[in-house]
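Engineer: Quick one: the structure is below, and I'll ask about it shortly.
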């Protein structure tokens, strides 16, 4: 009887394991408020008489003209037929083409290290 009680006691033991603390993703950094904003309104082409505006998608990317940075904000108006729902569109890029081009030119043409470019 004692042997069966011991085996029951060992079967009831719980093993717990804790991993190290994981860092939660904080998301993208916000674009600076002091930069000028250039807004571009994009409306769909064609006849919109049978459509209703269901919202708009606002995407801000960091853009630059050499020696000047600004925010290029595209406002794309989304329309759908009055009797159908739309699917959300998710775009996760924050840098514009001009900023990516400036980084690549600095890195490969001027041979600057990335840590100096990002300062």
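The values are calculated or read from the model by the stated rules, or taken from the named source; none is laboratory data. All values reported here derive from a predicted model rather than from experimental measurement. All Cβ positions, even for glycine, are placed from backbone atoms using ideal geometry, and neighbour counts span all protein chains on display.
Engineer: What about residue 8, is it loosely packed, with under 10 Cβ neighbours inside 10 Å, closer than 30 Å to residue 96 by Cα and either at pLDDT below 75 or touching a helix residue (DSSP H, G or I) at 6+ places or on another chain (Cβ under 7 Å) (or both)?
Structural biologist: no
Engineer: Would region 79-93 turn up any residue that is modelled with pLDDT under 85, surrounded by 12 or more Cβ atoms within 10 Å (Cβ to Cβ) and touching a strand residue (DSSP E or B) at 6+ places or on another chain (Cβ under 9 Å)? If you could, list the steps in order and put the result at the bottom.
Structural biologist: The initial filter retains those residues of region 79-93 that are modelled with pLDDT under 85, namely 79-93.
From what is left, the residues that are surrounded by 12 or more Cβ atoms within 10 Å (Cβ to Cβ) are 79-80.
Filter once more, keeping what is touching a strand residue (DSSP E or B) at 6+ places or on another chain (Cβ under 9 Å): 79-80.
Looking for residues that are modelled with pLDDT under 85, surrounded by 12 or more Cβ atoms within 10 Å (Cβ to Cβ) and touching a strand residue (DSSP E or B) at 6+ places or on another chain (Cβ under 9 Å), one finds at least one in region 79-93, hence yes.
Engineer: Give me a count of the residues in region 27-39 that are without any contact (Cβ under 8 Å) to a residue 40 or more places away in the chain and surrounded by 10 or more Cβ atoms within 10 Å (Cβ to Cβ).
Structural biologist: Residues meeting the conditions: 4.
Engineer: Kindly indicate the residue of region 98-119 that is closer than 19 Å to residue 70 by Cβ, touching a helix residue (DSSP H, G or I) at 6+ places or on another chain (Cβ under 9 Å) and surrounded by 14 or more Cβ atoms within 10 Å (Cβ to Cβ) and also modelled with the lowest pLDDT among those meeting that condition. Walk me through how you get there before you give the answer.
Structural biologist: Restricting attention to region 98-119, the residues satisfying the condition of being closer than 19 Å to residue 70 by Cβ are 98-103, 105-106, 117-118.
Now restrict to residues that are touching a helix residue (DSSP H, G or I) at 6+ places or on another chain (Cβ under 9 Å): 102-103, 106, 117-118.
Keeping just the survivors that are surrounded by 14 or more Cβ atoms within 10 Å (Cβ to Cβ) gives 102-103, 106, 117.
Values: 102: 85, 103: 85, 106: 88, 117: 78.
Among them, the one singled out is 117.
Engineer: Here's another thing I want to ask about it. Report, by residue number, each residue of region 27-60 that is on the phi > 0 side of the Ramachandran plot and not in a strand (DSSP E or B).
Structural biologist: 27, 46, listed by residue number.
Engineer: Here is a follow-up. Among the candidates 52, 65, 61, single out the residue that is touching a strand residue (DSSP E or B) at 6+ places or on another chain (Cβ under 8 Å), within 20 Å of residue 118 (Cβ to Cβ) and either modelled with pLDDT of 75 or more or surrounded by 10 or more Cβ atoms within 10 Å (Cβ to Cβ) (or both). Reasoning before the result, please.
Structural biologist: Working: 52 fails: within 20 Å of residue 118 (Cβ to Cβ); 65 fails: touching a strand residue (DSSP E or B) at 6+ places or on another chain (Cβ under 8 Å).
Result: 61 is the single residue among 52, 65, 61 that is touching a strand residue (DSSP E or B) at 6+ places or on another chain (Cβ under 8 Å), within 20 Å of residue 118 (Cβ to Cβ) and either modelled with pLDDT of 75 or more or surrounded by 10 or more Cβ atoms within 10 Å (Cβ to Cβ) (or both).
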